[in-house]
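A.B. asks: I'd like to ask some things about the structure below.
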Amino acid sequence: MAGRAGANRSDTITVSTPRGLVEVVRQRWHSQRVGSRWQWEWFTRRGGQRDWKEASTSREAIRQATLLAPGSSLDG
């Protein structure tokens, strides 16, 4: 079964946003319950970060990845 998860994942693309570069990937999955349907999830992260943000749409995932932490600024 090795490699099956990769077949359900898109290649990573990089999107330029006003707050910097964001990596975007789409993954298809379904639960182990009988009759469950395949679903797509979007994962994003800003450059230099390890943690991925997850959402049901690409727009929402990119929005989450570009949010700034409280008290931080774009200047550094």
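All of the numbers you see were taken from the coordinates with simple rules; none came from a lab. None of the values given here were measured: they were computed from a predicted structure. For neighbour counting, all protein chains shown are included, and Cβ atoms are generated from backbone atoms with ideal geometry for every residue, glycine included.
A.B. asks: Along its principal axes, what span do the Cα atoms of region 4-66 show, with the longest given first and each in whole Å?
C.D. replies: Principal axes ranked by extent give 43, 21, 16 Å for the Cα atoms.
A.B. asks: Which one of 31, 17, 52 has its Cα pushed farthest toward the positive end of the charge dipole of region 11-59, where Lys and Arg give +1 and Asp and Glu give -1 at the Cβ?
C.D. replies: The Cα lying farthest towards the positive end belongs to 31.
A.B. asks: Amide H neighbours of residue 17 under 5 Å, counting only residues 5+ apart in sequence or on other chains, H built in-plane at 1.01 Å?
C.D. replies: Those qualifying (amide H under 5 Å, at least 5 residues apart or on another chain) are 22.
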